[in-house]
Amino acid sequence: MNKQTRNFMVVLVIVLLLAACGGAETASAPEPAATEIPTSTSEPVEDIPTAVLSDGEDSEQVSKYIGLVYPPSPAGLTQVFSMLIQDKDGYSLMMVLDGVNKMLWLSKASQYDANGSPIWEVKDVLGLSNLEAGLTLIPDACFLNGTPDSEILAAGRNGVIVLAWRADTTLDKFESIPVSGIQCNSDKMMPLE
């Protein structure tokens, strides 16, 4: 037996021994890393205090904006973000600061200007200033009992939803809803600090 055949036989025996012992694995091409989307769930987790809802004072301050038609927005308001509510033609959510109060506006396109841009009317306002510190707003990509629901938004901490609302486009108002069965997988989460 020549040297090349002998080396081949030695390698073959080693491969067979490793395969029989489970020590050899077939090398595979690395798979691309999955992009992890933060997930929040309504499942209880120990040591997570419940959020505190507004005592009414905040809601009186922000309700003055209901019926406001914009643009232009009144002086002194700062827009933090805005987004269209998926599958709900002509509805949007916009987080606004008026210096003291943080609020979320549910708005509906009431008309369009000469350029085709929407003119919005504030239908309801959700005050966010008096919520317990440390919460994160989850404005979209929420599911109720496994079914997508574009009207649900939530607030959570450490991946656990502690408050939830429905931006009800039929009634044109925010409604507080139970957190049971709600999961959110949003890339638009924002701290409510």
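The values are calculated or read from the model by the stated rules, or taken from the named source; none is laboratory data. These numbers were taken from a predicted model, which means no experiment stands behind them. Using ideal geometry, Cβ is built from the backbone for each residue, glycine included, and neighbour counts are taken over all protein chains shown.
The set of residues in segment 89-116 being touching a residue at least 12 places away in the same chain (Cβ under 8 Å) and out of contact with any strand residue (DSSP E or B) (no Cβ under 9 Å at 6 or more places or on another chain) consists of Val100 alone. Scanning segment 122-130 for any residue that is modelled with pLDDT of 95 or more, aliphatic (A, V, I, L, M) and surrounded by fewer than 21 Cβ atoms within 10 Å (Cβ to Cβ) turns up nothing.
Just checking, how many residues over segment 59-88 are in contact (Cβ under 8 Å) with a residue 24 or more places away in the chain, part of a strand (DSSP E or B) and within 17 Å of Ser110 (Cα to Cα)? Working first, answer last.
Initial filter on segment 59-88 (in contact (Cβ under 8 Å) with a residue 24 or more places away in the chain): 59, 61-63, 65-71, 80-81, 83, 85-88.
Next cut, part of a strand (DSSP E or B) only: 69-70, 80-81, 83.
Imposing the further condition that a residue be within 17 Å of Ser110 (Cα to Cα) reduces the set to 69-70, 83.
Residues that pass the stated criteria total 3.
Scanning segment 150-167 finds one or more residues that are of a type in the set (S, T, N, Q) and on the phi > 0 side of the Ramachandran plot. Consider Ser129 carefully, then state whether it is in contact (Cβ under 8 Å) with a residue 60 or more places away in the chain, polar (S, T, N, Q), under 17 Å from Ser92 (Cβ atoms) and not in a strand (DSSP E or B). So Ser129 does not fit the description; no. Look through segment 158-180, keep the residues that are without any contact (Cβ under 8 Å) to a residue 24 or more places away in the chain and either of a type in the set (D, E, K, R) or in contact with a helix residue (DSSP H, G or I) (Cβ under 8 Å, 6 or more places away or on another chain) (or both), and return whichever of them is surrounded by the most Cβ atoms within 10 Å (Cβ to Cβ). Per the criteria, the residue is Arg166. A count restricted to segment 94-126 and to residues that are within 20 Å of Gln61 (Cβ to Cβ) and not in a strand (DSSP E or B) stands at 4. Of the residues making up segment 98-110, those that are out of contact with any Gly (no Cβ under 9 Å at 6 or more places or on another chain) and at pLDDT below 95 number 1.
Within segment 136-146, the set of residues being surrounded by 21 or more Cβ atoms within 10 Å (Cβ to Cβ) and in a loop (DSSP other than H, G, I, E, B) comprises Pro139, Asp140, Ala141. Residues in segment 102-120 that are closer than 21 Å to Thr170 by Cβ and either within 24 Å of the chain's Cα centre (by Cα) or among the polar types (S, T, N, Q) (or both): Leu104, Trp105, Leu106, Ser107, Lys108, Ala109, Ser110, Gln111, Trp120.
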